[in-house]
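Participant: One structure follows; several queries about it will come next.
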Amino acid sequence: MSSFNLADHPHRRYNPLSGEWVLVSPHRAKRPWQGQQEEVPADTRPAYDPTCYLCPTNVRANGERNPDYTATYVFENDFAALQPGTPDGALQNTGLLRAESERGICKVICFSPQHNLTLSDMDVTAIKQVVDVWQREYEELGALDFINHVQIFENKGSVMGSSNPHPHGQIWAQRSVPAGPANETRQQAAYFAEHQRSLLQDYVAQELSEKTRIILENEHFVVLVPFWAVWPFETMIISKRHFQHIGQMGEEEKLAFADAIKRLSAVYDKVFNVSFPYSSGLHQSPTDGQAHPEWHFHMHFYPPLLRSASVKKFMVGYELLGEPQRDITAETSAERLRSLI
Ligand code: H2U
Ligand code: ZN
């Protein structure tokens, strides 16, 4: 038997950010890539759609009319999952049945007035304006006394549950720190306490020296397939500088962040010759009034597609009951993404 290596043998990889593991089965993906390049129907969306509830001047579900906005537009979600006026409370003396009330604010951000664009079609200065909005919203919502976490994200494509092709994202700001960011807080805090350095600072240094999982970089950001990726073409954008949140980003860094998003989404759209669906989002320090020196700003991209424009990876059986599993290795995915630049 040959000695263990990551390219040939089933193994588990550890995600130091979440504390979770992923099973990797590279022998199942040994065959050369055979994804068929389907002919995808051309995008015939108009720049303005009179029936779209996000287009400028149109009326939304709650009867409000959008202004004739020219760059970005933010409004409170008409069907918000969290509400600011929820009364405090919790189940009392109910044994294992625990519940507590949750307050929050949900917003929708239109990235552009143009109905037929995606982030990857927008130029870097327009994406920078979206980054400016993210920064302002993180600071304003985070400053509210009952808001301890601000989650900024985008669902792109109907396969990811996006309700409308108009380019937009969401913000859910709330009193509690949700499970994912709470895990990352715990993991980064433990690492920082032990090493007095940021976990992702050390991780990026290791990746930059190994190079195999790097997709691209600019002066301020690195784009890579994380060693512990679960989704076939999962990536992260990680800041080179160790800082905690988007509020600490200067103009040059925001422009570089926009550039990284632009270049990554351009690569993604070439993988299967479609507007690449994904869920993406910023991860940054909670807004709970603590300094959180352990936190290192980053963005996750979780695209579901596996083999073609229509064949996505399923998170089923073993993944639901055991732990996530993938065939194609992070290194192979990174090589493929790099080849499309
Ligand atoms: P998604 O496409 O990711 O579902 O986000 C769109 C959001 O827009 C969704 O959360 C909201 C939905 O509640 N929305 C409004 O706030 N007003 C509307 O008129 C329609 C949709
Ligand atoms: Zn629209």
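Participant: Hey, with R₀ at 51 Å, roughly what FRET efficiency would GLU335 and ARG60 work out to, going by the Cβ-Cβ distance, to 0.05?
Facilitator: Efficiency at R0 = 51 Å is approximately 0.70.
Participant: I need the Debye-formula profile for the chain: one equal scatterer per C-alpha, no solvent, reported as log10 I(q)/I(0) at q = 0.10, 0.13, 0.15 1/Å, two decimals.
Facilitator: -0.65, -1.11, -1.44
Participant: Quick one: which residues, 5+ away or cross-chain, put their amide H under 5 Å from the amide H of GLU20? H built at 1.01 Å from N.
Facilitator: Correct list: ASN15.
Participant: Can you give me the C-alpha center-to-center distance between the range 58-122 and the range 267-335, rounded to a whole angstrom?
Facilitator: 23
Participant: To continue, here is another question. If we count other beta carbons within 10 Å of each Cβ, what is the order of SER339, SER310, SER285, fewest first?
Facilitator: Neighbour counts put them in this order, fewest first: SER339, SER310, SER285.
Participant: Would you please put 183-191, 86-94 in order of how densely packed they are, using the mean number of other Cβ atoms within 10 angstrom per residue and starting with the highest?
Facilitator: Per-residue mean Cβ counts within 10 Å order the peptides as 183-191, 86-94.
Participant: Related question: Tell me, what is the percent relative contact order of the chain, built from C-alpha pairs under 8 Å that lie six or more residues apart?
Facilitator: Rounded, it is 21 percent for the chain.
Participant: Which one, HIS220, PRO10, ALA81, projects farthest toward the positive side of the charge dipole computed for the chain from Cβ point charges (K/R +1, D/E -1)?
Facilitator: Highest projection toward the positive end goes to PRO10.
Participant: So if each residue of separation counts as 0.36 nm, and I subtract the Cα-Cα distance between ALA205 and ASP145, what length gain in nm does that give?
Facilitator: Additional length available on full extension: 18.0 nm.
Participant: Can you tell which of ALA29, ALA260, ALA99 shows the greatest fluctuation in a Gaussian network model of the chain with Cα springs below 10 Å?
Facilitator: ALA99
Participant: So, one more: Pop out the ³J(HN,Hα) list for the range 223-234 in order, Karplus 6.51 cos²θ - 1.76 cosθ + 1.60 with θ = phi - 60°, rounded to Hz; leave Gly and Pro as x.
Facilitator: Calculated HN-Hα couplings, in order: 10, 8, 8, x, 3, 9, 3, 9, 6, x, 10, 4 Hz.
Participant: If the viscosity is 0.692 mPa s and the temperature 37 °C, what translational diffusion coefficient in µm²/s does Stokes-Einstein give for the range 185-245 when Rh comes from Kirkwood over Cα pairs?
Facilitator: Translational diffusion coefficient: 267 µm²/s.
Participant: Report, in deg cm²/dmol and to the nearest 500, the calculated mean residue ellipticity at 222 nm for the chain, where each DSSP H run with n ≥ 4 adds -39500 (n - 2.57) and the sum is divided by the residue count.
Facilitator: After summing the helix terms and dividing by the residues of the chain, the value is -8000 deg cm²/dmol.
Participant: Considering only DSSP beta bridges whose two residues both sit in the chain, what percent are antiparallel, to the nearest 5?
Facilitator: Bridges in the chain that DSSP calls antiparallel: roughly 95 percent.
Participant: Please state, as a whole number in µm²/s, the translational diffusion coefficient that the Stokes-Einstein equation yields for the range 62-157 at 4 °C and 1.567 mPa s, with Rh defined as the Kirkwood radius across alpha carbon pairs.
Facilitator: For the chosen part, D equals 81 µm²/s.
Participant: About the Cα centre, and with charges only on the beta carbon of Lys, Arg (+1) and Asp, Glu (-1), how big is the dipole of the chain? Nearest 20 debye, please.
Facilitator: Magnitude of the dipole: close to 940 debye.
Participant: Same structure, new question: Comparing LEU141, LEU97, LEU282, which has the greatest mean-square fluctuation in the GNM of the chain with Cα pairs linked when under 10 Å apart?
Facilitator: Fluctuation is largest for LEU97.
Participant: Then there's this: Taking amide H atoms as placed 1.01 Å from N in the peptide plane, list the residues 5 or more away in sequence, or in a different chain, whose amide H sits under 5 Å from that of ILE215.
Facilitator: VAL223, LEU224, VAL225
Participant: State to the nearest 20 debye the size of the charge dipole of the range 282-341 about its Cα centre, where the only charges are +1 on K and R beta carbons and -1 on D and E beta carbons.
Facilitator: 400
Participant: Across all directions of projection, what mean area in square nanometres is found for the Cα convex hull of the range 167-325?
Facilitator: For the Cα atoms of the range 167-325, the hull's average projected area reads 10.8 nm².
Participant: While we're on this one: Calculate the spin-label point distance for GLU100 paired with MET160, positioning each point 7 Å from the Cα along the beta-carbon direction, and give it in nanometres.
Facilitator: Modelled inter-label distance: 3.1 nm.
Participant: How do LYS211, LYS254, LYS312 rank when sorted from fewest to most other Cβ atoms within 10 Å of their own Cβ?
Facilitator: Starting with the residue having the fewest Cβ neighbours, the order is LYS211, LYS312, LYS254.
Participant: Out of residues 5 or more away from HIS149 or on other chains, whose amide H comes under 5 Å of its own, with H placed 1.01 Å from N in the peptide plane?
Facilitator: GLN174, THR287
Participant: If each residue's Cβ is checked for other Cβ atoms within 10 Å, how do VAL24, VAL131, VAL59, VAL204 rank with the fewest at the top?
Facilitator: Ordered by Cβ neighbours within 10 Å, fewest first: VAL59, VAL131, VAL204, VAL24.
Participant: Which FRET efficiency value, to the nearest 0.05, do you get for ALA71 and ALA193 by plugging their Cβ-Cβ distance into 1/(1 + (r/R0)^6) with R0 = 45 Å?
Facilitator: 0.60
Participant: Something else about it: Every cysteine in the chain with no other Cys Cβ under 4.7 Å from its Cβ, please list them in numeric order.
Facilitator: Here CYS106, CYS110 come out as lacking a disulfide-compatible partner, given the Cβ-Cβ threshold of under 4.7 Å.
Participant: R0 = 51 Å: FRET efficiency of THR125 with HIS27, Cβ-based, nearest 0.05?
Facilitator: After rounding, the FRET efficiency stands at 0.65.
Every number here is computed from the coordinates shown, using simple stated rules; none is lab data. Because the structure is a prediction, the values reported are computed rather than measured. Virtual Cβ from ideal backbone geometry, glycine too; neighbours counted across all protein chains shown.
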